[in-house]
Every structure is written in C-alpha cells, then in structure tokens.
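> Dropping the structure in here first, questions after.
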Amino acid sequence: MKKCIKILVFLLLPLSSFAQDQKHARWHILQGNISEAIAEYSQLAVKANGNGGVLAEYALALALGGMPENALMYLDRANLLGGGADFPFYAAQVLSLMCLDSIAAEFWTEAGKTPEWIAPKYKELSQNHKSGVHYIEPDSAYIRANNLAARGMFFQSIMLYRLVQIEVEGCNNEFLPYLSSSVVWENLSKYAKAAAELKKSISLIKAELKVLPDTTLQNALPAFENHLTELQGKAAETQKLMSKIDKLQQTFKPQAMFYAGGMYSNKVFSLNSRFGFFLANSLNAAFDFGLSGGEDMFFVNTGLSAYYRYKFLMGGTGFNANIGKGGSFNWRLSAGTSFLNKEGKRSTDIFFNLDIPFKKGTAAIFSISIGQSIYFGKRGDNK
C-alpha cells in the first residue's frame with residue numbers, strides 16, 4: 001500500500017510543479033514583468049508535451065514582449081495541437097498587439113469568453129504593449145506566406161498576406177495575396193472571411209482583365225465564382241449554427257436550487273426538501289426528500305419532480321415513494337405561486353398538491369405546501 005502511495009505521489013508531483021510554474025508565469029504577465037514571463041513560459045513550453053493552451057499563453061507573452069513573429073510561430077504550434085478552449089482569445093490578443101485588429105476580430109470579440117486569470121488586465125496590457133509588425137519586402141513575404149500556409153502555419157501566413165495586400169495595392173497581380181489568403185481562412189473554417197477575401201480577389205481579377213486580357217485568368221474566373229458561392233453558403237450555414245448555439249446557451253444555463261418547506265393535508269403532515277437544477281430558464285428538475293407522519297403512519301418520502309415557471313405561476317409533476325408504515329408509491333400533480341425576491345436568489349412558494357397512489361383502492365391525498373427556494377449561480381431571466 002505504501003509503495004502505491006509513493007508511486008502516486010511521484011506521478012502527481014510533476015503535475016503540481018507544472019501548474020505552479022504556469023501560475024507564476026501568469027503572475028509575471030499581470031505584473032508587467034514580460035521578460036520574466038517569457039523566460040518562464042520558454043521552460044513551460046519544453047515541459048508542455050503537446051499542451052496547446054500553454055503554447056498559446058507563451059505566444060501572448062512573446063507578443064507582449066515585442067516579438068510578434070515568434071508569437072505567431074507559437075500560435076501556429078498551439079493551433080496544430082488544438083489550442084484549448086481559450087485559444088480564440090489568445091489568437092486575437094496576439095494579432096491585436098500587432099495592430100491587426102480587423103483580423104483579430106475574426107477570432108474573438110469583447111462578447112467572447114475571456115480567461116479568468118487575465119480578464120481584469122488584458123485591456124491595459126494590450127494598450128501598453130502594441131508593437132505592430134516589421135516591414136517585409138512584398139515578393140519575399142508572399143513566397144514565405146505560401147510556404148508557411150502549405151505547412152499549416154496559418155497565423156504566420158495570415159500576417160504576411162495582409163502585409164503584402166497593403167504593399168501591393170494598385171500593382172499588377174494585386175489579386176494574388178487575396179486569393180491565397182482566402183484559402184488560409186477557409187482552412188481555419190472562417191468561411192465568411194474566406195468569402196470576403198475571394199470576392200475581393202475576383203473583383204481585382206475582373207479589373208485586371210479589362211486592362212490586360214489573360215486567357216488563363218479568364219478561364220479560371222468561373223471556378224473562382226462557383227467557389228465563392230460555396231463559401232458564402234458555408235458561411236450562412238455556420239452563422240445559423242452559431243445562432244442556434246448562442247440561443248441554446250442562453251436557454252441552457254444550469255443553476256442549482258434548494259427548497260425546504262412543509263406540507264399539510266387532513267391525513268398527513270410532512271417536512272419536505274428538493275435539490276436540483278434548472279434545465280432551462282424556467283424549467284427545473286430535482287430530487288425530493290422528506291419526512292411524513294400522521295395518525296398511525298410515519299414514513300420517509302423520496303422522489304423525482306419537475307416544475308415549470310411562468311412569471312409568478314408554477315406547476316409541476318413527479319413521482320414519490322413513501323417508505324415506511326402507511327407508505328405508498330404516488331404520482332403528484334402540483335400548481336401554485338412562487339414569488340421571487342428582487343435579486344432573483346430566493347422565492348416563497350405556495351403549492352396545492354394532489355397525490356394519486358398507484359395502489360388500487362387507495363384514496364388520493366389533497367394537500368397544501370408552503371416553503372422557500374434558494375437559487376445558486378447565474379442563469380437567464382428566471383422571473
């Protein structure tokens with residue numbers, strides 16, 4: 001047994017050390033000690049062993065330290081490893097620090113999820129550490145961007161394509177960086193941006209063909225236009241899917257609730273409790289537990305129930321088993337009122353209940369219950 005404990009401690013110690021080192025590196029970022037943060041993240045990157053989230057944080061540290069090209073390199077590595085749930089935030093911050101705000105907005109906006117550890121400071125850090133990008137000669141930048149894109153290094157290629165687009169405006173073959181950029185955005189599943197880049201490329205091709213006819217370009221144009229239609233269709237489908245996900249997230253915001261109260265009928269008096277979760281803004285499901293007694297009976301009651309709220313009205317149904325002397329298995333129907341306090345954290349509940357026993361020949365029990373519900377956590381409008 002002792003040997004097993006030693007092995008477990010041996011395995012867990014590196015994990016604990018890694019978490020502490022990551023916490024310390026984050027602390028340096030929050031304190032503005034960017035050089036120290038980069039030094040610590042460089043060690044963490046070696047230990048990360050495929051942890052894309054750590055590499056994305058390292059990319060942010062490098063961008064804050066005025067090393068945008070290195071930051072994009074680690075951002076690409078993080079992306080290839082999956083990046084983690086907070087990757088869109090780190091990608092946007094790195095790009096924003098390079099003054100590529102329009103591109104950054106494709107990954108994350110203020111409405112998106114912000115990692116808790118940096119939420120209070122990221123705006124200040126971004127304002128204090130914007131560095132822009134260094135000038136690169138357009139021809140070599142375009143070649144390098146193509147090579148990087150072919151290797152799946154999409155963030156580095158995006159930056160280079162954008163620089164080329166700015167530098168070659170008004171020149172021959174101006175459409176090329178837009179056409180190539182569209183392919184990269186499509187690989188990143190950003191179909192709306194890919195469509196916009198391809199549309200820009202097509203308009204530039206048409207403008208160029210008016211000045212300098214080119215059979216190859218003229219023949220390729222219908223294929224580009226067909227692909228643009230495909231991208232626009234994918235973008236529309238993605239937008240619909242995201243709208244559904246947003247709606248679902250607004251609807252499904254689990255919040256815990258606890259109810260305690262008493263129930264009285266002409267035969268039985270009981271103390272009841274419910275503990276459960278809201279499955280939607282107005283629908284909750286719970287496990288019920290209580291103690292009941294009266295005349296010559298005493299039993300423990302347990303069960304499952306679900307209630308729906310409409311403003312201050314509530315109704316529900318459930319099943320409960322009364323275990324003990326005089327016990328039974330019942331189907332319960334309830335209806336009543338529930339008055340929330342201003343903060344929406346507590347309510348006073350009054351219900352009229354009808355318990356219908358499954359055992360034939362047993363009379364239904366009509367009762368009234370009064371109690372309080374307490375709500376934990378946040379969700380949508382529960383009024």
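> Calculate, axis by axis, the spread of Cα positions in the range 256-376 along the three principal axes, and write the results as whole Å, longest axis first.
Principal-axis extents of the Cα atoms in the range 256-376, largest first: 44, 21, 19 Å.
> Output the peptides 45-53, 212-220 sorted from most to least packed, where packing is the average of other Cβ atoms within 10 Å over each peptide's residues. Walk me through the numbers before you get to the answer.
Working: 45-53: 15.0, 212-220: 10.4.
Averaged packing, sorted descending, gives the order 45-53, 212-220.
> At a threshold of 8 angstrom on Cα-Cα distance, excluding pairs fewer than six apart, so keeping six or more, what relative contact order does the range 154-253 reach in percent?
Relative CO of the range 154-253 lands at 24 percent.
> Of ALA119, ALA192, ALA149, which has the largest mean-square fluctuation in a 10 Å C-alpha GNM of the chain?
The residue that fluctuates most here is ALA119.
> Next up: In the chain, which helices (entire DSSP H runs) extend 27 Å or more along their own long axis, judged by Cα positions, while averaging at least -1.0 on the Kyte-Doolittle scale?
Membrane-span-like by this criterion, though nothing is claimed about a membrane: 2-31, 191-211, 215-251.
> Summing -39500 (n - 2.57) over the DSSP H runs of n ≥ 4 in the chain and dividing by its residue number, what mean residue ellipticity at 222 nm do you reach, to the nearest 500 deg cm²/dmol?
That calculation yields -16500 deg cm²/dmol at 222 nm.
> So for LEU241, LEU231, LEU160, fewest C-beta neighbours within 10 Å to most, what's the order?
With the fewest neighbours first, LEU241, LEU231, LEU160 line up as LEU241, LEU231, LEU160.
> The chain: Rg/Rh from Cα coordinates, Kirkwood Rh?
Across the chain, the Cα-based Rg/Rh ratio is 1.18.
> Which pairs in the list LYS267/LYS359; LYS200/LYS240; LYS113/LYS311; LYS130/LYS199 are over 19 Å apart, alpha-carbon to alpha-carbon?
LYS200/LYS240; LYS113/LYS311; LYS130/LYS199
Each value in this text was obtained by applying a stated rule to the coordinates, not by laboratory testing. It should be emphasised that the depicted structure is a prediction, and the values quoted were computed from it without experimental measurement. Reconstructed Cβ throughout: ideal geometry from the backbone, glycine too, with neighbour counts over all protein chains shown.
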